[in-house]
Structure formats: structure tokens, C-alpha cells
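> Below: one structure in C-alpha cells.
Each value in this text was obtained by applying a stated rule to the coordinates, not by laboratory testing. These numbers come from a predicted model, not from an experiment. Cβ: placed from backbone, ideal geometry, glycine included. Neighbour counts: every protein chain shown.
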Amino acid sequence: MNAVDARQARLALFSVIEGGQIYWSNQIREFGPQEVYGRLLVESYDPVKFRKLIDRLKAADLELLEDQIGGSSAHFITPESENWPSSLNDLNAAPIGLVVKGDLSVLNERSLAIVGTRNPTPYGARIAGEFAAGFVDREWNIVSGGAYGIDSAAHKGALIAEGRTIAVLAAGIDVAYPAGNARLFAEIAENGALVSEVLPGAHAIPSRFLTRNRIIAALSQATLVVEAAFRSGSLRTARDAAELMRPVMAIPGPISAPTSEGCHRLIGERAAEIVTSVTDAIELISAL
């Protein structure tokens, strides 16, 4: 077996282990990526339980993986990289690595996450854009998930205000998902960044939307939920942020609006602070 460095070991592991798995994150944290990589290759881990993973790892071609990422004009960064956002290390299931397209420096700048429903009201979309622009004016970046609805409104609000924004995707950075946001993703990558926990070419599956939410929360100093249904992935992002002891804020809406039920739930459970203006939000974050 040829010796590999930490980055190469992480790249091989990244290519075969789905993101957000606490077991593998802990193994890599405790023993280091090279040790875990080597143990899997010699089948020191349960060869029955991890058969598929071991076989895929043995077949992994590091040169091909590097070409796949480089061919998408992206970078593979790891906790050993100079530009790795250390805030991600606070996660229970820290990423093995990330594929990033765009300006890597944006990952370590002050950022606000803005999240919410894919089916917002005009009020919600307007508020998301206004808060994004307001924070950009105060030299914050905006982080969201690249989806339709509140995510897109937040990204666009940041871009219109000539700010920088980060889209954390549930698919590969070269897969336009949703397809209608292909142009938006190209604009984001120009001076912000597209971030993914899967290889280029990988398609979005339901579980990846939930695991990417923890990255949105961890990359940001605070999270704002604009509109969200009673059961919503945005609430998962809010809870991920709360677990990291980061401020969580929510925008109130009409008591009869289903799109505001999630926000009202967070406020009612004291899981989020109510905010009604950018000034409110800045003051709240500064006070904590």
C-alpha cells in the first residue's frame, strides 16, 4: 500500500463516506485520517458491516478524484488546510472535507445564515432580501442553501447589495440543483463560494439536505429564520445553530400564515429571539 498524506486519505474517505456520520467523524478525529484509511484498507473495521465501504475505498482512484474536482474549477479543502473554517470543527459530525468553488477566503469571514421555506409569501421573500442587503451593508456575508424561496431571496439580496454570499449545496458543485438557479450559482461563485460535502457530479438526495444544514449553521455566527412551516428543514438549521451556541433569530408573521408557524414555534419555545429589523438583529448578536 502506497503511503498517503492526510489530505489524500481524507479525499479517499470523503469519496466513500456520506457526510454527517458521527461515527466516522469521531474515528478520524481520534485516530487521524491516514490511520482510518489504512485500517479500512486492511479490513480492521468489521469487514461484513462495512463491506461496501471497504470495497469502494479500495477502488478509489486518487488521481481521478483530483481531476474530477479540478475539472469543476473547485478545490478540496480539509481541516489541515490553511483556509479551512475552524468553526466547522465545533460540529459533532465535522466534515471529512469540503469541495469549494469560488473564493476560499469568504469561508472565514463574518457571516449570517438566512434560511426558510421554499414556498415563501411575497412578504417573506422581500424580508429575506432586505435583511441580506442590510447585513451586507454592515460588512457581513450571507450563507444559505441555494434552494428556491427564502434561500434564493437571501442570496440575491446579498448580490444586489454587492456583497458576498455562500451557497451550501446538497448536490455536487457542478450540479445545478435546482436547475433554475444555475445562473444564480454562477454569480455566487464569482466573488463568494459554492460549498458541497459531496463530489462533483453527485445528485441531491433527501438526507443531504439535512446534513448540509449543519454546515450552514456552523459557517455562520448567527442564523435567521424568515419563514418556515411547522415542520421544516429550516428548523433543523436553527437547532443545529443552537447546539453550537450560536444566536438564532426568527421573523414573526401573520398568526394565520402556515409559512410563519415554524418561526412562531421557535419564538414560543424560546429557541429563537424575535427580530423585526436589521438593527434589532445586529444589536442582539452584538450583545451575546
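> Using the Cα atoms of region 93-136, I'd like the radius of gyration and the largest Cα-Cα distance, Dmax, both in angstrom.
14.2, 38
> Would you work out the Kirkwood radius for region 1-60? I mean one over the mean of 1/r across all pairs of different Cα atoms, in Å.
Computed over Cα pairs of region 1-60, the Kirkwood hydrodynamic radius comes out at 11.4 Å.
> Kirkwood hydrodynamic radius (Cα pairs, Å) of region 104-287?
15.7
> Next question, about the same structure. For the residue pair N119 and K58, what label-to-label distance in nm results when each label sits 7 Å from Cα along the Cα-to-beta-carbon direction?
The two pseudo-label positions are separated by 4.8 nm.
> Still on this structure, I have one more. Fewest to most neighbouring Cβ within 10 Å: what's the order for T223, T259, T276?
Sorted ascending by nearby Cβ count, the order is T276, T259, T223.
> Rounded to the nearest 10 degrees, what's the angle between the helix 278-287 long axis and the longest principal axis of the chain, both from Cα atoms, 0 to 90?
60
> Distance in nm between label sites at E80 and A242, each 7 Å beyond Cα in the beta-carbon direction?
3.8
> Taking the Cα centre as origin and putting +1 on Lys and Arg beta-carbons and -1 on Asp and Glu beta-carbons, what dipole magnitude results for the chain, to the nearest 20 debye?
780
> Can you tell me which of L88, L159, L41 moves the most in a GNM of the chain? Springs connect C-alpha atoms under 10 Å apart.
Top of the fluctuation ranking is L41.
> Quick check: pseudo-label points 7 Å beyond the Cα along Cα→Cβ at D67 and R51, how many nm apart are they?
3.1
> In which sequence would I216, I114, I166 go, from the one with the fewest C-beta neighbours within 10 Å to the one with the most?
Final ranking by Cβ density, sparse to dense: I216, I166, I114.
> Working from Cα positions, state the angle (0 to 90°, nearest 10) between the long axis of helix 206-219 and the longest principal axis of the chain.
With rounding to tens, the tilt is 70 degrees.
> If you don't mind, there's one more thing I want to ask. Compare D151, D103, D137 in a GNM of the chain, Cα atoms joined below 10 Å, and give the one with the largest fluctuation.
Per the Cα network of the chain with a 10 Å cutoff, D137 tops the list.
> Could you please rank T279, T211, T165, placing first whichever residue has the fewest other Cβ atoms within 10 Å of its Cβ?
T279, T211, T165
> Now for a different question. Where the centre of each part is set by its Cα atoms, how far does region 138-157 sit from region 51-81, in angstrom?
Region 138-157 and region 51-81 have Cα centres separated by 29 Å.
> Additional query: Connecting C-alpha atoms closer than 10 Å in a GNM of the chain, tell me which of A218, A132, A161 has the biggest fluctuation.
Among A218, A132, A161, the largest GNM mean-square fluctuation belongs to A161.
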